[in-house]
Amino acid sequence: MKSAGKVLSLTVIIVTIALLLTGFTAGSSADQSYKSYEPLTDQIWAVKIEVEPGESGHLSQSFEAAYGAYDGAVKDGATDHVKEDSFGFEPGDNSDFEVVKGEDYVGNYFHIEQKAGTTGGTTKRYIDISSPWSGAYIHEDMKVEGEAEVEETFKMDNLEPGEEVISDWHDLF
């Protein structure tokens with residue numbers, strides 16, 4: 001904490017690592033010549049609240065993210081069964097590639113609900129997120145001086161989880 005004459009700074013930064021979300025290159029050598037699944041952005045979601053002395057500030061966040069493993073050889077060559085916890089590509093109709101995922105694949109998504117604000121101070125947000133699957137992206141570099149109240153919900157669903165994935169953290173123990 002800083003002295004009373006200086007700005008009290010409450011800083012929370014979420015940097016969503018590219019491998020955690022969507023910043024990956026996926027594909028076998030055949031697939032990579034067909035499509036490139038690279039992120040368009042740096043994959044960052046960050047917020048910072050600086051509260052002036054005598055004022056108040058708040059930040060609440062709830063987020064959920066998954067990045068399941070990519071496996072170029074998603075099917076076991078001996079049995080032709082799909083590996084349980086990964087995804088990959090297989091040739092489909094008309095020379096297109098189809099996504100194949102195992103029943104325990106965790107998915108590829110990012111969801112966040114967030115409220116941030118202050119009665120006096122500075123509220124900053126920096127967002128740079130993209131989906132290599134759809135090409136959609138969001139970029140925001142915002143700074144509000146004084147009173148601010150920001151409430152938002154963001155969902156990016158790239159690949160759904162497999163049918164048998166453990167969905168609740170408490171099921172792991």
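No value in this document is a laboratory result; all are computed from the given coordinates. Computed from a predicted model, the values in this text were never measured in an experiment. Virtual Cβ from ideal backbone geometry, glycine too; neighbours counted across all protein chains shown.
Kirkwood Rh over alpha-carbon pairs of region 70-173, then Stokes-Einstein at 10 °C and 1.306 mPa s: what D in µm² s⁻¹, rounded to an integer?
Answer from the Stokes-Einstein relation: 93 µm²/s.
With N set to the residue count of region 89-137, report its C-alpha Rg divided by 2.2 N^0.38 Å to two decimal places.
1.96
Check VAL100: other-chain or 5+ apart residues with amide H under 5 Å from its amide H, H built from backbone geometry?
HN-HN under 5 Å from VAL100: GLY88, PHE89, GLU90.
Taking other Cβ within 10 Å of each residue's Cβ, how do ASP71, ASP93, ASP42 sort, fewest first? Display every interim value, and only then the final one.
Values: ASP71 19, ASP93 6, ASP42 14.
The most exposed by this proxy come first: ASP93, ASP42, ASP71.
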